[in-house]
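See below for the structure under consideration.
We did not get these values from a lab; they are worked out from the coordinates using the rules stated. On a predicted model such as this, the values are computed, not experimentally measured, just so you know. Don't worry about glycine lacking a Cβ; one is built from the backbone with ideal geometry, like all the others, and counts go over all protein chains shown.
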Amino acid sequence: MPTNIESFEKETIETIEQRFESLWNCVTQRGIDRELLIRRSLLSPATCCLINPDLELTVEKSFVLTRTLSGRLRQKYDLV
């Protein structure tokens, strides 16, 4: 999950979700069990980029987006 302003502003929850699923597809095509991979995946912000001009605002948004995406994926893959 990006935390710097430039990267964060280019993303939506949908684009990040698509990126995760694309990566999962790539890995599972190489023989990794998809269900196991998804159940053991961990989402987190990339870094705490407090050098942003807005200081912690984008970092806080990134944490909110991470929590929201986690909930969506948990529901989608029946991990709740």
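A few points about this structure:
- Residues satisfying the stated conditions in the stretch 1-18, i.e. exposed (fewer than 12 other Cβ atoms within 10 Å of the Cβ), among the charged types (D, E, K, R) and closer than 22 Å to residue 74 by Cβ: 14
- Test: residue in the stretch 55-78 that is in contact (Cβ under 8 Å) with a residue 24 or more places away in the chain and among the acidic types (Asp, Glu): no
- Hits in the stretch 1-37 (condition: within 24 Å of residue 51 (Cβ to Cβ) and in contact with a Lys or Arg (Cβ under 9 Å, 6 or more places away or on another chain)): 2, 3, 8, 11
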